Amino acid sequence: MSLPPGLSSQTPPSHLVRWHSRIYAIAGLFVLLIVIAALATTIGSVKIPFLTTCQIMLSRLPWLHITPFWPSGVETIVLEIRLPRVILAGLVGAALATAGATYQGLFRNPLADPYLIGVAQGASLGAVIGFLLPATWHGMAAGVIPLFAFTGAIISTAIVYGLARVGKTLPVTTLILAGVALGALLGSIVSYLIISSGEKMHSIIFWLMGSFSLSQWADVRYVLPYVVVGTGVILLYARRLNVMQLDEEQAQQLGINVERLKIVLLVAATLITAAAVSFVGTIGFVGIVIPHAVRLLWGADHRFLLPLSVLTGAIFLILADLIARTVQAPTEIPIGVITAICGAPFFLYLLRRRKRVIF
Amino acid sequence: MLKNYIIPGLLFILLSIFLPGTQGCALPPAGQATSPAEIKDQMGRSVRLDKLPQRIISLAPSNTEIIYALGLQDKLVAVTDYCNYPPEAKQKPSIGGFSTPNIEKIVALAPDLILAASIHQKQIVPQLEERGMTVIALAPKSVNEVIAAITLVGEITHKEEASRLAAEMKSKIKVITDRTNNLTETQKPRVLNVIWHDPLMAAGSGTFADELIRMAGGVNIAGNLSGYPSISLETVIAANPQVIITGVDMGTGADAPLQFAQTEPRLRNIDARLNYRIYGIDTDLVGRAGPRITDALEQFARYIHPELFPENKR
Amino acid sequence: MIKIEIQRVCLGYAHKDILHDVSFQVLPGELLGLIGPNGSGKSTIIRALTRIIAPIRGRILLDGKDIAMIPRQELACLLGVVPQLPLLPSAFTAFEVVLMGRNPHLGLFQQESQRELDIAWHAMARTMTQHLAMRRVGELSGGEIQCLLIARVLTQETSAILLDEPTANLDIGRQVEILNLLKNLCRENNLAVLAALHDLNLAAQYCDRLILINDGRVYAQGTPGEVITAQNIKEVYGAEGCVYTHPANGLPAVLINPGNGRTPNLKIKSAHVDV
């Protein structure tokens, strides 16, 4: 057999795997994330001079000694309202985008989003029940609602999983159908409860639309471990998720334990979604569109798709939250509105520009 | 000599019969069937009233309080689920909720006067009128308009109690505003009225709370926004209110906004927290456009200027 | 060097048995052809060999070990498959798909090194698919995809290879190239290769031995000359008078004779039904 002339049979050309450009993209986005997060902390409904904010933040570093010249209220605003809020927005955006990319890869379906198998509806139902229980009136809603929401999310996913399981296998189509059906059922219960909620309707609807308005460091402490661990696990399985894009038979023939992979990824993605949603409410759009945008720009290889989704999702949600709290200051717009209004046109623009197969 | 007194006497008698009829609404004296009269209610609607109302239905808790305050409870046929003051009102039959009254029930009770509120104007009032009901809408937007509403009901039902109540309310207001009108801006504390904590909502301009704050000699830090805006926690910290007043539901004991104001760690450095000037007030007092609005004003005055109103012990 | 053994295996789906009491071996260095009519169970055997389905009865041994006992990843290092009509993610490039063949050899924490890339590139060279490397899989023709799959299985570097209709979409030139490649690899690396083929001529020319499956059972086993006989072809396929001898090497050659097909059984039922 003779080889066509001009082709090297020794080493593949380096552009073949496109690793370099993507690694640069990851590094670049990481830097961008830090910059945007810092900027977002300096902007808010209360005008604080840029330099003052920088100095306030720097003063937390143990080796720098800056004497405070700012009023304590300003420090509270920067360090206890804005900073945890920005960090939480980044965590939630990263979580939702990663979960969305994982579900899309797992189900091999471009329409999958983190809420496909009932996580959002379960969390919503849990939260609404938490709101409506008389016990929560006497305590701080902030403490109990996330617990209810998280429990609701986990229980509903467990139900969907139980419904879809066939023997030892988890057929993907059945999982989607069960998730959609249970989601619809839970959603209708939530709607009914909202109508009968009387004066708590406003709080509930506000929660459902998603908001970072009272985010605090305690929220960050709860959400961080779930998101970090869950995302870490998913990133480990990135290469195998690539192979899963072949059909399940081929993946098995290439050595993948398909059922174990499904369960691991499902659990990890559900946990990070549930953690994100419990504290912030159901924010739409991020989980389905950010992974697609990343695919359009940098391809479908999950080893890059996933970390890039983490960074892009974080940046996107930090910016969305910034807009939500400054456009109509001091009133805050629910963030779900911003993600859809700003995200959709941008995504359509990307789609027109690139016009190629992304899935 | 008696001749000289006949004509003035006749004149006097004639005048005393007809003059009272020329004040405001031309209503017949109590107990007499009369010619129909036109009333202008507080939503600018003209309503014909043929006779003195005997069967009254109230569609709002504020209206119910007015009725009881005027001593009309015997004519009160039905109230809403939320009418809880005075406590006897809870014994009356109910025609549904505040925003969702049951039209059929109302009509079945055959009232000759229905007292509605502004939220009923779009849908409920037309439906009632289609079925031949007489509806008067009370929609006061300020404390003075509340007094006017009470006076209007008094005129409609021919109760002099109304003018006595109105005078009492006006004097209570005067007692307070006399002492606060002369305060300079720096003497007026920054006040925040927290409606709800999640989302954080305050009472802005155009609300009763705003007016009460101003009358009680305070400055509403949310006064530049109208209605019930949601505001960011940042704004509250930056505005540094000296007094915070939140609503408490006395019926259920629900006081989440009060707890928030008292315990939210990020508010630890605001003046209101440092000086322990965080207060709760019965939501029924400050949110209802009824006779107890002046009670709310007295509480606001005591909270905002305790030094000026030491006698308000409630 | 491993041997594939199928011992008295019964295979089926749900409640329908497809294959009964099938036994044969594939020895290292041997290219074994699996032939038989449509629906005879050739693909089912391949799926059983890769543990997609489990035998109802009997055992399948790889190098003496029951494949049910071998962990999946280890199995994939020993046995590679070229499936018949696979689904491929259209957004991946050809090179990325071929590179997936290295997956069985990489642990959870490992990523592809330069060596892996070289192996994949070399496999693409041998299958003449290097020029497709940057193209997206969604844009390729059936024949190109088939060659890619063969490149992928070469990248997998296994001791045994199973192929399900590897030449179905290829033109005659490519068919010869690919089968030559497989035969050479088989010899050079002592691989055990099992190929399901429906082209009897290719089967005769390239396979060392043939298994003829009919009606769920092994109908005949042996060299091409022993298995592709006029009698067997007539019995199994219903085509008469097709088997000739190849002038160049004496192996059986099957030439179609249009008049010799099995006539369909059209019995016209009478109007009266006999009960």
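Quick check: the distance between the Cα centres of the stretch C:146-216 and the stretch A:179-208, to the nearest angstrom?
59
Whole-Hz Karplus ³J(HN,Hα) for the stretch B:142-147, in order, using 6.51 cos²θ - 1.76 cosθ + 1.60 and θ = phi - 60°, x for Gly and Pro?
9, 4, 4, 5, 5, 4
Could you work out the percent of alpha carbon pairs in the protein assembly as shown separated by over 37 Å, rounded to a whole number? Show your work: numbers first, answer last.
On the way: 286312 of 448878 pairs.
Counting pairs separated by more than 37 Å, the tail of P(r) holds 64 percent.
Rg(Cα) of the stretch B:226-314 divided by 2.2 N^0.38 Å? Intermediate values should be presented prior to the final figure.
Values: Rg = 13.7 Å, N = 89, 2.2 N^0.38 = 12.1 Å.
The stretch B:226-314 yields a ratio of 1.13.
How big is the stretch B:32-86 by Rg and Dmax over its Cα atoms, in Å?
In order Rg, Dmax, the Cα atoms of the stretch B:32-86 give 12.7, 36 Å.
Taking just the C-alpha trace of the stretch C:153-225, give me its Rg and Dmax in Å.
12.6, 35
Report the gain in length on full extension from A:ARG303 to A:TYR192: 0.36 nm times residue separation, minus Cα-Cα distance, nm rounded to one decimal. Walk me through the intermediate numbers first.
Details: separation 111, 0.36 × 111 = 39.96 nm, distance 4.27 nm.
Result: 35.7 nm gained on full extension.
Whole-Å semi-axes of the stretch C:1-71's equivalent ellipsoid, largest first, each the root of 5 times a Cα gyration tensor eigenvalue? Present the calculation step by step, with values, prior to reporting the outcome.
Details: eigenvalues 75, 48, 18 Å².
Sorted largest first and rounded, they come to 19, 16, 10 Å.
Taking springs between alpha-carbon atoms closer than 10 angstrom, which of A:THR173, A:THR102, A:THR41 fluctuates most in the Gaussian network model of chain A?
Greatest mean-square fluctuation among the candidates belongs to A:THR173.
Under the 0.36 nm per residue contour assumption, what length would be gained going from the current alpha-carbon distance of C:ASP17 and C:MET69 to full extension? Let's see the in-between values first.
Numbers: separation 52, 0.36 × 52 = 18.72 nm, distance 2.34 nm.
Stretched out fully, the C:ASP17 to C:MET69 stretch lengthens by 16.4 nm.
In the Gaussian network model of chain C, springs joining C-alpha atoms below 10 Å, which of C:GLN73, C:GLN25, C:GLN156 carries the largest mean-square fluctuation?
C:GLN73
Along each principal axis of its Cα atoms, how long is the stretch B:215-270 end to end? Whole angstroms, biggest number first, please.
Sorted largest first, the three principal extents are 32, 29, 22 Å.
How big is the shadow of the Cα convex hull of the stretch A:170-244, averaged over all directions, in nm²? Please list the in-between numbers first.
Details: hull surface 30.9 nm².
Result: 7.7 nm².
I'd like the FRET efficiency for C:SER90 and C:GLN7, computed as 1/(1 + (r/R0)^6) with the beta carbon distance as r and R0 of 35 Å, rounded to 0.05.
E(calc), rounded to 0.05, equals 0.30.
Would you mind ranking A:THR312, C:THR245 by Cβ crowding within 10 Å, fewest neighbours first?
C:THR245, A:THR312
Kirkwood Rh over alpha-carbon pairs of the stretch C:205-262, then Stokes-Einstein at 10 °C and 1.306 mPa s: what D in µm² s⁻¹, rounded to an integer? Mind dumping the intermediate values first?
Working: Rh = 11.9 Å.
Value of D from the Cα-based Kirkwood radius: 134 µm²/s.
Over all directions, average the projected area of the Cα convex hull of chain B and note it in nm². Provide the component values of the computation, followed by the final result.
Values: hull surface 82.9 nm².
Result: 20.7 nm².
Once the principal axes of the Cα atoms of chain C are found, what is the range along each, listed largest first in whole angstroms?
Reported extents, whole Å, longest axis first: 73, 41, 40.
FRET efficiency for B:LYS170 and B:LYS141, Cβ-Cβ distance as r, R0 = 25 Å, nearest 0.05?
On the way: r = 17 Å, r/R0 = 0.70.
Efficiency, rounded to the nearest 0.05: 0.90.
With both partners inside the protein assembly as shown, how many of the DSSP beta bridges are antiparallel, as a percent to the nearest 5? Please list the in-between numbers first.
Working: 34 of 72 bridges.
So the antiparallel bridges amount to about 45 percent of the total.
Once you have a ≥ b ≥ c as the square roots of the Cα gyration tensor eigenvalues for the stretch B:33-159, tell me rounded if a/c is under 1.5, and otherwise prolate or oblate according to whether a/b is larger than b/c.
Details: a/c = 1.22, a/b = 1.10, b/c = 1.11.
It is rounded, given that a/c, with a ≥ b ≥ c, falls under 1.5.
In vacuo Debye scattering of the stretch A:216-276, one point per C-alpha: log10 I(q)/I(0) at q = 0.15, 0.18, 0.25 Å⁻¹?
-0.50, -0.64, -0.95
For chain A, with a Gaussian network of springs between Cα atoms less than 10 Å apart, report the residue from A:LEU322, A:LEU241, A:LEU193 with the top mean-square fluctuation.
Per the Cα network of chain A with a 10 Å cutoff, A:LEU193 tops the list.
Residue by residue through C:121-133, how many Cβ atoms from other chains fall within 10 Å of the Cβ on average? Intermediate results must be reported in sequence, preceding the final value.
Numbers: counts 8, 4, 0, 3, 8, 3, 1, 5, 0, 8, 3, 0, 6.
Average neighbour count from other chains, rounded to a whole number: 4.
I'd like the mean, over residues of A:327-334, of how many other protein chain beta carbons sit within 10 Å of each residue's own Cβ. Before the final figure, lay out each step's value.
Numbers: counts 0, 2, 4, 15, 8, 9, 1, 2.
Mean inter-chain Cβ contacts per residue within 10 Å come to 5.
Around B:ILE304, under 12 Å between beta carbons, what's the net of Lys plus Arg minus Asp minus Glu among the other residues?
Details: positive: B:ARG179, B:LYS188, B:ARG190, B:ARG214, B:ARG277, B:ARG302; negative: B:GLU298, B:GLU307.
Surrounding charge for B:ILE304 is +4.
Go through the stretch C:152-164 residue by residue and turn each phi into a ³J(HN,Hα) via Karplus (6.51, -1.76, 1.60, θ = phi - 60°); whole Hz please, and just put x for glycine and proline.
Per-residue couplings from phi come out as 5, 6, 5, 5, 5, 6, 9, 8, 9, 10, 10, 10, 10 Hz.
Mind giving me the nanometre distance, one decimal, between the label points for C:ASN184 and B:LYS122, set 7 Å out from Cα along Cα→Cβ?
Rounded to a tenth, the inter-label distance reads 8.1 nm.
Can you work out the Karplus-derived ³J(HN,Hα) for every residue in the stretch A:258-273? Use 6.51 cos²θ - 1.76 cosθ + 1.60 with θ = phi - 60°, whole Hz, and x for glycine or proline.
Working through the residues one at a time gives 5, 5, 5, 4, 4, 5, 4, 5, 4, 5, 4, 5, 5, 4, 5, 5 Hz.
Starting with the fewest neighbours, write out B:ILE150, C:ILE67 ranked by other beta-carbon atoms found within 10 Å of each beta-carbon. It would help to have the intermediate numbers written out before the result.
On the way: B:ILE150 27, C:ILE67 22.
So the residues, fewest neighbours to most, are C:ILE67, B:ILE150.
Report Rg (one decimal) and Dmax (nearest whole number) for chain A, counting Cα atoms only, units Å.
22.1, 82
Under the definition of partner shielding as Cβ atoms of other protein chains within 10 Å of a residue Cβ, what is the mean value for peptide A:201-210? Intermediate results must be reported in sequence, preceding the final value.
Numbers: counts 0, 7, 6, 0, 0, 5, 2, 0, 0, 0.
Other-chain Cβ atoms within 10 Å of each residue's Cβ, averaged: 2.
State which entries of A:LYS200/B:LYS174; B:LYS159/B:LYS188; B:LYS51/B:LYS172; B:LYS105/B:LYS159; B:LYS90/B:LYS141; B:LYS141/B:LYS174 exceed 29 angstrom in Cα-Cα distance in the structure shown. Walk me through the numbers on the way to the answer.
Values: A:LYS200/B:LYS174 37 Å; B:LYS159/B:LYS188 39 Å; B:LYS51/B:LYS172 34 Å; B:LYS105/B:LYS159 27 Å; B:LYS90/B:LYS141 26 Å; B:LYS141/B:LYS174 19 Å.
Pairs exceeding 29 Å: A:LYS200/B:LYS174; B:LYS159/B:LYS188; B:LYS51/B:LYS172.
Bear in mind these aren't lab numbers, they're just calculated from the coordinates by the rules spelled out. Predicted model only: the values in this text are computed from it and were never measured. Please note: Cβ atoms are built from the backbone with ideal geometry, for glycine as well, and neighbour counts cover all protein chains shown.
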